[in-house]
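The values are calculated or read from the model by the stated rules, or taken from the named source; none is laboratory data. Every value quoted in this text rests on a predicted model; they were computed, and no experiment measured them. Note that we place each Cβ from the backbone using ideal geometry, even for glycine, and neighbour counts take in every protein chain shown. For accessibility, only protein heavy atoms count, side chains too; no ligands or nucleic acids. Shrake-Rupley method; radii C 1.70, N 1.55, O 1.52, S 1.80 Å.
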Amino acid sequence: MISRIKERLTNLFFYRYFAFTTTLLSVGYGGYLLDNPSLINNQVTYKFMSEFADVFGNIFLPTCLIVAGTLKMIAIYFNWNTKKTFLILLLFIWSLIFAGFLIQFLNGIPAAGLYFSAYVILNLVGAYVEEGRNIGR
């Protein structure tokens, strides 16, 4: 039983590397933002997103990242047909984060998160292409 689960996880990691890593990054970054809510209040990056989702407060963005990442991971494991839906949702959320870091960078404020979010977006695009190739697996 345990060896079968281990074999399944190994196959998922190798066949869906981009999707696997970006979901882990999304859940981890969401947890980091949830643990440090002052980042969302004090950084220029998240100002327009917090105004966009002011109704929900500081937990909206981290919760979206954690929920979408977790659902994507579950969809990968159980091979649901909705895998691309969660992937597109993650791509939208990370695009908002990238836009916030880009605005911060264009205003002359150093933004190391710009490169990190660009990397995650490129991985998500790779995962989208990967999902198209691995539909039968």
Practice problem: Kindly indicate whether ARG16 is more than 18 Å from the chain's Cα centre (by Cα) and modelled with pLDDT of 70 or more. | Solution: no
Quiz item: Out of (1) open to solvent by less than 20 Å² (accessible area, probe 1.4 Å); (2) under 13 Å from THR22 (Cα atoms); (3) modelled with pLDDT of 85 or more, what's the single condition that is false for ILE76?
Solution: (3)
Quiz item: When the stretch 96-111 is examined, which residues are found to be free of Cβ contacts under 8 Å to residues at least 40 places away in the same chain and over 17 Å from the mean Cα position of the chain (by Cα)?
Solution: LEU102, PHE105, LEU106, GLY108, PRO110
Exercise. Would you point out the residue of the stretch 99-116, among those that are assigned to a helix (DSSP H, G or I) and out of contact with any Phe, Trp or Tyr (no Cβ under 9 Å at 6 or more places or on another chain), that is farthest from GLN43 (Cα to Cα)?
Key: LEU106
